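The values are calculated or read from the model by the stated rules, or taken from the named source; none is laboratory data. Just so it is clear, the model here is predicted, and its values are computed rather than measured. Positions of Cβ are backbone-derived with ideal geometry, glycine not excepted, and every protein chain shown enters the neighbour counts.
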Amino acid sequence: MVVMTRWLNPDEQRTWRAFLAASRALMDTLDRELQRDAGMPHAYYEILVRLSEAPERRMRMSELADATGSSRSRLSHAVARLEAAGWVRRKDCPTDRRGQIAVLTDDGFTTLAAAAPGHVEGVRRHLFDALSPAQVDQLRRISETLADHLTGS
């Protein structure tokens with residue numbers, strides 16, 4: 001059986017490349033700003049945010065990996081760096097000898113609280129300020145549709 005490739009038409013190609021360029025530029029800019037202003041990459045910031053929002057500021061490592069879209073090994077490496085900085089600590093899971101729990105420390109929460117205003121300002125300046133309210137609504141709806149499609153929701 002021969003499968004025919006459904007090539008992108010010129011408008012789809014232009015849209016795809018614009019989406020890639022905008023996504024990369026936005027994330028690269030936010031990452032550079034967090035590195036400069038808070039001394040951490042965006043991936044570490046996201047880990048701290050997820051832990052700050054979790055009950056008792058703790059999550060199983062496997063759940064944290066899923067929440068951040070990281071592989072288990074990549075998350076483990078990042079958490080090791082965050083532990084070295086004193087921002088996160090690991091505890092053994094009381095219900096599963098193989099599992100571990102990541103816990104946001106008070107120093108980690110203080111670091112996150114200091115980094116958040118600058119990061120939020122960057123998100124506002126680089127994303128929301130460039131769009132009209134109607135475009136923000138469209139972007140949210142498009143993003144929700146894609147996320148639901150890709151996660152099977």
Check your understanding: Being over 23 Å from Ser52 (Cβ atoms) and polar (S, T, N, Q), is that true of even one residue in segment 116-132?
Key -> yes
Review point. If we scan segment 70-92, do we find a residue that is surrounded by 17 or more Cβ atoms within 10 Å (Cβ to Cβ) and on the phi > 0 side of the Ramachandran plot?
Key: no
Review point. So which residues in segment 104-116 are surrounded by 17 or more Cβ atoms within 10 Å (Cβ to Cβ) and either among the polar types (S, T, N, Q) or touching an Asp or Glu at 6+ places or on another chain (Cβ under 8 Å) (or both), if there are any at all?
Key: Thr105, Thr111, Ala115
Study note, to complete from the structure: Flagged pairs (Cβ under 6 angstrom, 6 or more apart or on separate chains; first in segment 11-32, in contact (Cβ under 8 Å) with a residue 24 or more places away in the chain and surrounded by 11 or more Cβ atoms within 10 Å (Cβ to Cβ); second outside any helix (DSSP H, G or I) and not charged (D, E, K, R)) are none
Check your understanding: In segment 74-100, which residues are within 14 Å of Glu63 (Cα to Cα), touching an Asp or Glu at 6+ places or on another chain (Cβ under 8 Å) and at pLDDT 95 or above?
Key -> Arg90
Check your understanding: Which residues, counting only those in segment 35-66, are more than 14 Å from Ala113 (Cα to Cα) and polar (S, T, N, Q)?
Key -> Gln35, Ser62
Review point. Identify, please: which residue in segment 57-84 is in contact (Cβ under 8 Å) with a residue 12 or more places away in the chain, under 16 Å from the mean Cα position of the chain (by Cα) and not in a helix (DSSP H, G or I) and is, among those, farthest from Tyr45 (Cα to Cα)?
Key: Met59
Review point. Just wondering, is there one or more residues in segment 113-135 that are of a type outside the set (Gly, Ala, Ser), touching a strand residue (DSSP E or B) at 6+ places or on another chain (Cβ under 9 Å) and either in a helix (DSSP H, G or I) or over 27 Å from Arg60 (Cβ atoms) (or both)?
Key: no
Exercise for review: Identify, by number, the condition in (1) of a type outside the set (A, V, I, L, M); (2) within 13 Å of the chain's Cα centre (by Cα); (3) within 24 Å of Thr151 (Cα to Cα) that Pro41 doesn't meet.
Suggested key: (3)
Point to revise | Test for Arg97: is it surrounded by fewer than 16 Cβ atoms within 10 Å (Cβ to Cβ), on the phi < 0 side of the Ramachandran plot and not in a helix (DSSP H, G or I) | key: yes
Revision key, fill the gap. Scanning segment 117-153 residue by residue, those in contact (Cβ under 8 Å) with a residue 40 or more places away in the chain and under 26 Å from Glu83 (Cα atoms) turn out to be Gly118, His119
Check your understanding: Restricting the search to segment 1-49, which residues are in a loop (DSSP other than H, G, I, E, B) and either of a type in the set (Ser, Thr, Tyr) or within 19 Å of Ser143 (Cβ to Cβ) (or both)?
Key -> Thr5
Check your understanding: Which of the residues belonging to segment 63-101 are β-branched (Val, Ile, Thr) and out of contact with any helix residue (DSSP H, G or I) (no Cβ under 8 Å at 6 or more places or on another chain)?
Key -> Thr95
Check your understanding: Quick check, is Thr105 among the polar types (S, T, N, Q) and closer than 16 Å to Ala43 by Cα?
Key -> no
